[in-house]
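Okay, structure first, notes after.
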Amino acid sequence: MPNVRSIWNGAISFGLVSIPIKLVNATESHSISFRQIHTEDGGRIRYRKFCEVEDREVSGAEIGKGYEDADGTIIPITDEDLTNLPIPTARTIDIVAFVPADRIDPLQMDAAYYLAAGGAPAAKPYTLLREALKRSNKVAIAKYALRGRERLGMLRVVGDAIAMHGLLWPDEVRAPEGVAPEVDVTVRDQELDLADALMDTLGEVDLADLHDEYREALEEVIAAKAAGEEVPESPAPAPAGRVLDLMAALEKSVRAAKESRGETVTGKTTSGEAASGEAGAEAGTGTADTDEQAEVTPLRRRTTPKETGGKKSTSTAKKATAKKTTAAPKKSTAKTAKTTAKTTARTAAKTTAKTTSKTAAKKTPAKKAAARKRSA
């Protein structure tokens, strides 16, 4: 990196080995910066540095550092004072240990730097340290002083170079107390299965393919205003929906992720979705019984609710038909019973009348015969 200016010169202390190095920034910011202006006329707003004793503006060359004591006294501190601090890390990156990389908490990671070899004499020891780090699969923990304070660092190999990550001191990392939800929540195996399926569907990403869309949009706005054109409008945000069923939200997420990757989605998304029917029977699955519920971006609705509605209509039609059919036999049975009763009554009356007539006919001759015998 011949065009990159070093911000610190010193040496790496590796046991009895000393490696001259130059500290170079490993990262750069592409953020778009703004100037403060006077809104009425567009004039630049500048901050001028005045000496409160002489009441005049001073240049950067006249400005130094000073420590304000408790009684207000200013104690001047020069760059030479900082360079000659009575500590071994004043101009040295002092390696104190070698540890596995997974021992470093990512929360401690700070700014990143490249350590460039300081001339030809540094080539041999620099390469030795680099290869030792490679073969051990470890990182070096070091202490160094930069910008007025002692810092902690981690050295590792990046390509053919040695990089150093500034680390926060352990007591500078806050404990995550009071951050996690304080309510008791039970996560079921079916929900974990769907979450795993979503993770597998989203897959991995090449970080080189990611870019700053905010900066690109801001550049478009600046270019449009510079050309006197209309500023591009922002797309309408997707309406947010409340999570009423965590299983359903996971299913839709898996389906949407597959569709975005061009995969054909047919039937159930995963085997874990088979359990969603059981989950759907529980109202508000995976959410707290409060008015404040988590929100997700709604995805395309499936046709299942419509099909379900159709089934309900069919079921209702079946019930109505069944009722009509059942009612019809009851009416027919009643009419039949009435007809049968009338027919039976008529038949019985006719039979009784015939029987009575025959009996009367038989009795009358007998009486006549008996009267004739008595007369004789």
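Coordinate-derived values only; no laboratory data. Predicted, not measured: the structure shown is a model, and the values here were computed from it. Cβ coordinates were reconstructed from backbone atoms using ideal geometry, including for glycine residues, and neighbour counts include every protein chain displayed.
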Which of rounded, prolate or oblate describes segment 84-154 when judged by the alpha-carbon gyration tensor and an a/c cut-off of 1.5? oblate
Label-to-label distance, nm, for residues given as ASP105 and ASN25 (7 Å Cα→Cβ offset): 2.8
By the mean-Cβ-within-10 Å protection proxy, highest first, 150-157, 192-199, 69-76 rank as 150-157, 192-199, 69-76
Protection-proxy order for peptides 39-50, 119-130, each taking the mean of Cβ atoms within 10 Å per residue, highest first: 119-130, 39-50
Assuming R0 = 45 Å, can you tell me the calculated FRET efficiency for the pair LYS134 and ARG56, based on Cβ-Cβ distance, to the nearest 0.05? 0.20
With label points built 7 Å along Cα→Cβ from the Cα atoms of LEU82 and ILE222, find their separation and express it in nm. 3.0
How would you order 211-222, 253-264 from highest to lowest mean count of nearby Cβ atoms within 10 Å? 253-264, 211-222
Counting every Cα pair in segment 17-78, what percent are over 14 Å apart? 79
